[in-house]
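Below you'll find the structure, written out as structure tokens, and then a few comments.
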Amino acid sequence: MFTQLRTAALVLMALTVLTGGVYPLVVTAIAQLAFPRQANGSLIQQGDQITGSELIGQPFSRPEYFWGRLSATGPHPYNAAASSGSNFGPLHPGFKEAAEARILALHSAGSSGKVVPVDLVTASGSGLDPHISPAAAEFQVPRIAVARKMSEGAVRELVSQHTEGRQLGILGEPRVNVLRLNLALDQPQGN
């Protein structure tokens with residue numbers, strides 16, 4: 001019996017060292033060598049300042065910026081430590097109230113008369129989604145153009161430049177990274 005306990009303890013220690021130490025170190029080293037930007041969070045920098053990550057949404061509420069998807073994380077929106085969906089089903093009163101409030105906010109911000117794209121009134125499964133659909137970006141173009149005193153065509157051109165296609169041409173849907181698009185809006189036009 002002592003032999004079996006000793007063998008079990010040695011196997012436990014060996015597997016702990018391998019799976020808890022060696023394997024994570026090897027995977028981290030490979031990631032840092034092969035994909036350093038992605039391994040470090042796909043951070044977006046402007047000069048010496050980090051403005052965010054391509055992978056985690058940020059809250060924008062001013063009329064001159066594109067608004068992203070709702071965040072279901074709490075108490076602060078887009079809190080990566082609290083990533084989760086709302087778990088509200090389509091018949092839940094809280095889901096309906098949140099969607100109606102967002103639709104009202106979008107319409108009162110200058111988009112009345114248009115059908116609101118669903119991704120502007122619902123949260124993603126993680127509550128952190130940094131992307132919106134091209135339709136959601138197009139929905140917001142008139143508001144942005146008025147707020148920034150730009151032509152709608154110029155705003156649409158920026159949306160077009162920041163629309164990412166399907167991965168490998170077949171996976172996923174076209175999407176627009178809200179942070180990247182808003183940073184482009186803040187750049188002097190004509191560059």
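Taken together, the values in this text are just the output of simple stated rules run on the coordinates, not laboratory data. Given the structure is predicted, the values throughout are model-derived calculations rather than measurements. Don't worry about glycine lacking a Cβ; one is built from the backbone with ideal geometry, like all the others, and counts go over all protein chains shown.
From the P(r) of the chain, can you give the percent of Cα pairs sitting at distances over 28 Å?
41
Kirkwood hydrodynamic radius, computed over distinct alpha-carbon pairs, for region 1-40: how many Å, to one decimal?
The answer is 11.8 Å.
In deg cm²/dmol, rounded to 500, what helix-only [θ] at 222 nm does the chain give when every DSSP H run of at least 4 residues adds -39500 (n - 2.57) and the total is split over its residues?
Here the helix-only value at 222 nm equals -13000 deg cm²/dmol.
What's the ranking of 165-173, 149-157 by average number of surrounding C-beta atoms within 10 Å, highest first?
Highest to lowest by the protection proxy: 149-157, 165-173.
Helix by helix through the chain, keep the DSSP H runs that span 15 Å or more along the axis on Cα and average at least 0.5 on Kyte-Doolittle, and give those back in order.
Flagged H segments are 2-17, 23-34.
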